[in-house]
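> Got a structure for you, questions after.
The values are calculated or read from the model by the stated rules, or taken from the named source; none is laboratory data. None of the values given here were measured: they were computed from a predicted structure. Note that each Cβ is placed from the backbone with ideal geometry, even for glycine, and that neighbours are counted across all protein chains shown. Ligands, DNA and RNA are excluded from the accessible area calculation, which covers all protein heavy atoms including side chains. Shrake-Rupley method; radii C 1.70, N 1.55, O 1.52, S 1.80 Å.
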Amino acid sequence: MNVSRIRGRDTPVPTEVSILQDALSIELIRRQLSAQAVGRQIYLFGEVTSTNEVLRNLAKAGAREGTVVLAEGQTAGRGRLGKTWFSPFGVNLYASVLFRPAIGPTEAPVFSFIASLALADAIRALGLAAAIKWPNDVLVERKKVAGVLAEVATSDDRLDYVMLGVGVNLNVERKALVAALGEAGRAAGSLRDVAGKAIDRNAFAASFLSFLDEWLLVYRDRGGAALLSAWRDRDILTGRRVQVREERITFDGKALGVHADGQLVVEDSKGLTRKVVSGEVRLLD
Ligand code: BTN
């Protein structure tokens, strides 16, 4: 049955059509993209295991800096610390971007901050206040709406590439988050929830990639110090009570800030200063 004919001209567009219009489209993203390096090559897939996995294979085959892999859904989306990343089809943004910066492996953590800076900017451009929780989580109203999985490849102590995989909860429904993530779902949110309206995924993707390109230029022109300074302005942890979960230990303390090497500095309850290389940090107040 032709739905538009029986509904008449001025009736709202049927749901199936609106879903189709909201499908990710390289053409729509390109029309709104303003970038030199990021997005030189964009691949868009329906469902993949993980965009990071797809991009890793492209990187090994010689893909250029700025190559982007997007997917409508992921069957094995990965998060930090071996977690899975809930990746329902057709509602969010799952993107991986390849960089080949001329830096050493120890500089990669600070370089990775370009991802959360670009995410925070793209969210702010929607009129929402975004903050960054170390290392690269992006929060709105204290709910995590986006995360970054940075992967590096080295050969003989040299950095071969850095891959920044970004997941953003754009239009996923709250009940779906809670159903998929259980208790952890309560600490997560979607931009649609906080904005009170659906987020245009192509516009958001273009905005994020454009900001990513800008931060890449900032890094090239002014180095890690410029990133750190911008990152510190958006940091939600410094001065707050936190709980840090590392692989073997968990401790409470006060976040003192991020060090020049990208590690988080925390004063524990005994007054000892600790540097956190990799771990999960929870705000306690
Ligand atoms: C985190 O906060 O734990 C990081 C989440 C990163 C998820 C993204 S989705 C696109 C890319 N592909 C993956 O498998 N993971 C990243």
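> Take every Cα-Cα pair in the chain and report what % of them are more than 30 Å apart.
Pairs farther apart than 30 Å: 31 percent.
> Run the 1.4 Å probe and let me know the accessible area of residue 265, rounded to the nearest 10 Å².
Rounded to the nearest 10, the figure is 20 Å².
> Projecting each Cα onto the charge dipole of the chain (Lys/Arg +1, Asp/Glu -1 at the beta carbon, about the Cα centre), which of 110, 84, 162 comes out farthest on the positive side?
84
> Another question about this same structure. For a test of understanding, tell me how many lysine pairs in the chain have Cα atoms under 28 Å apart, given they are 8 or more places apart or on different chains.
25
> Once the mean 1/r over all distinct Cα pairs of the stretch 149-285 is inverted, what Kirkwood radius in angstroms do you read off?
Kirkwood radius, the stretch 149-285: 17.9 Å.
> Tell me the mean residue ellipticity at 222 nm calculated for the chain from its helices only (DSSP H runs of n ≥ 4, each -39500 (n - 2.57), averaged over every residue, nearest 500). Mind dumping the intermediate values first?
Numbers: 9 runs with 92 residues, N = 285.
Mean residue ellipticity, 222 nm, calculated: -9500 deg cm²/dmol.
> So how tilted is helix 51-60 from the main axis of the chain? Cα-based, degrees 0 to 90, rounded to 10.
So the inclination is approximately 70 degrees.
> Within 10 Å of each candidate Cβ there may be at most 15 other Cβ atoms; applying that plus a DSSP loop requirement, which GluC sites (Glu not before Pro) in the stretch 70-174 survive?
When the GluC sites (Glu not before Pro) of the stretch 70-174 are filtered for loop state and at most 15 Cβ neighbours within 10 Å, 141, 173 remain.
> Skip the ligands, DNA and RNA, and give the accessible area per residue of the stretch 80-210 with a 1.4 Å probe, whole Å².
38 Å²
> Next question, about the same structure. For a quick protection proxy, order the peptides 205-213, 234-242 by their average other-Cβ count within 10 Å, most packed first.
205-213, 234-242
> Quick one: ranking 89, 45 by accessible area, 1.4 Å probe, largest first, what do you get? Numbers along the way, then the final one.
On the way: 89 125, 45 75 Å².
Final ranking, largest accessible area leading: 89, 45.
> Where does the stretch 241-283 land on Rg(C-alpha)/(2.2 N^0.38 Å)?
1.01
> Quick one: with all protein chains in place, what share of the accessible area of the chain is carbon or sulfur, to the nearest percent (1.4 Å probe)?
50 percent
> Another question, if that's okay. Could you give the accessible area per residue of the stretch 241-283, probe 1.4 Å, as a whole number in Å²? Write out the running numbers ahead of the final one.
Details: 2600 Å² over 43 residues.
Here the residues of the stretch 241-283 average 61 Å² of exposed surface.
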